[in-house]
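What follows is a single structure, written as structure tokens, with notes after it.
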Amino acid sequence: MRILILSQWFDPEPFFKGVAFATELVRRGHEVEVLTGFPNYPGGNVYPGYRIRPWQRESIAGIPILRVPLYPSHDRSVPGRIANYGTFALSAAIGSVFVKRPDVIYVYHPPATIGLPAATARMFHRVPIVYDVQDLWPDTVAVTGMVNSSAVLSVLGRWCRFVYRRADRLVVLSPGFKAALVQRGVPEAKVDVIYNWCDEVPSGRNGAPVALGSPGEFNILFAGTMGLAQGLAAVLEAARICASSVPQARFVFVGGGADRERLERLASEIAPSNVRFLPRQPMSEIGRFLAAADVLLVHLKNDPLFEITIPSKTQAYLAAGKPILMAVRGDAAALVQRSGSGLVCEPESPAGIAAAVAELASLPPQRLAEMGRAGSEFYHREMSLSEGVSRFERVFQTALNQSTCIGSQSAPSTL
């Protein structure tokens, strides 16, 4: 099967359905090509060794890639985000006619960026598309505060419904996402649940653990994006409570994001003694930090939207074999409870977070180790790259079998 991966982000950007996904498909006998933008996520700066140009062909790990231009931006500026999404959408729509005709197109979210090139590629190549829904738009942009205009949100909602109608199959990351799409009129039989996996190379096995602090400290690690959706001010308030109730507890934040600077200022005011911020780490190194922690923290704002999502760090935390403190309601909490990999508490509840930290800190080391092992076993059984790719293969084949697209000629393959 020949598969086109259409995504605004791809390696060397941190993208868990990038090279690992593509190379596993190739290993199983499929042919893969990628249409993407020039790497600039998450900082909004073009990566060293790249410069924006009309197009660029390259190969990573033997995977052919066509890069198209975009406006690099990933800050809290609404105009910057619109320019970033809009320029890629137009460039990718044009670029989609210059790839070899695939058998199926795998489309990675968000719909504001990818809807136009996906529709163009489907129409030009006359092949089915499988759309991977990672966020529910316009809900997500409303919750994060990126867009507050009801008129704009209404337009985004109509555009998303158009994208969903045009897709031959939809893949979602949780049962809650599937239920939400069905409520919005998407046929249930058209939607498949495939849990995300993580970058399995650095999941606690890439070198010796780092030293997060001093001996005797109990380190709670948050690794990843620090944006508005994460609601991390509540975690800092929990750290303030723990300074007296759990004096050995240390809250360590690793990563970057639009809200990091504000959080650092806030931490220096309310919890300077037991909070540390460390720089964003490459994916090849993050496993060392996970391995050094006593507990791994997941936190999102207390919003109904997040009850049906599973933050991507959940998979990395499970695979790392460390206890998890899940401060998210719904599907993500259910995963931790099913797997026996940690504790669940209320999001944006400083007292609840602090109480959960106190309970975990009081457990004997062997009980913490049991939680970690249970999470790792659950991940490899139900959420691993190998299991996920097997499920995608079945979805791709179903899309091919059900497709009514008729394509008899290949598109031009040179640019």
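What the table below lists for this structure:
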{"quantity": "Residues that are touching a residue at least 12 places away in the same chain (Cβ under 8 Å) and either in a strand (DSSP E or B) or touching a His at 6+ places or on another chain (Cβ under 9 Å) (or both), drawn from segment 46-82", "calculated": "Q56, R57, I60, I63, P64, I65, L66, R67, V68, G80, R81"}
{"quantity": "Any pair with Cβ under 6 angstrom, 6 or more apart, that starts in segment 118-129 at a residue that is assigned to a strand (DSSP E or B) and ends at one that is not acidic (D, E)", "calculated": "I129/I105; I129/V107; I129/A118; I129/R122; I129/A167"}
{"quantity": "Which numbered condition R51 fails, given (1) closer than 27 Å to R391 by Cβ; (2) at pLDDT 90 or above", "calculated": "(1)"}
{"quantity": "Residue in segment 261-272 that is nearest to L300 (Cα to Cα), counting only those that are surrounded by fewer than 19 Cβ atoms within 10 Å (Cβ to Cβ) and in contact (Cβ under 8 Å) with a residue 24 or more places away in the chain", "calculated": "L266"}
{"quantity": "Residue in segment 206-214 that is part of a helix (DSSP H, G or I) and either aliphatic (A, V, I, L, M) or not assigned by TED's automatic domain parsing to the domain that holds N40 (or both) present", "calculated": "no"}
{"quantity": "Test: residue in segment 246-261 that is assigned to a helix (DSSP H, G or I), within 29 Å of H74 (Cα to Cα) and in the same structural domain as V357 (by TED's automatic domain parsing)", "calculated": "yes"}
{"quantity": "Residue among P187, P117 that is over 23 Å from the mean Cα position of the chain (by Cα), at pLDDT 85 or above, of a type outside the set (A, V, I, L, M) and not assigned by TED's automatic domain parsing to the domain that holds E285", "calculated": "P187"}
{"quantity": "Qualifying residue in segment 31-39 (condition: touching a residue at least 60 places away in the same chain (Cβ under 8 Å) and not in a strand (DSSP E or B))", "calculated": "no"}
{"quantity": "Subset of segment 174-197 [over 19 Å from Q397 (Cα atoms) and of a type in the set (A, V, I, L, M, F, W, C)]", "calculated": "F177, A179, A180, L181, V182, V186, W197"}
{"quantity": "Tally of residues being closer than 15 Å to I5 by Cβ and not in a strand (DSSP E or B) across segment 99-114", "calculated": "8"}
{"quantity": "Complete set of residues in segment 314-343 that are buried (at least 22 other Cβ atoms within 10 Å of the Cβ) and over 17 Å from E382 (Cβ atoms)", "calculated": "K322, P323, L325, A327, V328"}
{"quantity": "Lone qualifier among G86, G115 - being small (G, A, S) and buried (at least 19 other Cβ atoms within 10 Å of the Cβ)", "calculated": "G115"}
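The values are calculated or read from the model by the stated rules, or taken from the named source; none is laboratory data. Just so you know, these numbers come straight off a predicted model, no measurement behind them. Methodologically, a virtual Cβ is constructed for each residue, glycine included, from the backbone with ideal geometry; neighbour enumeration extends over all protein chains shown.
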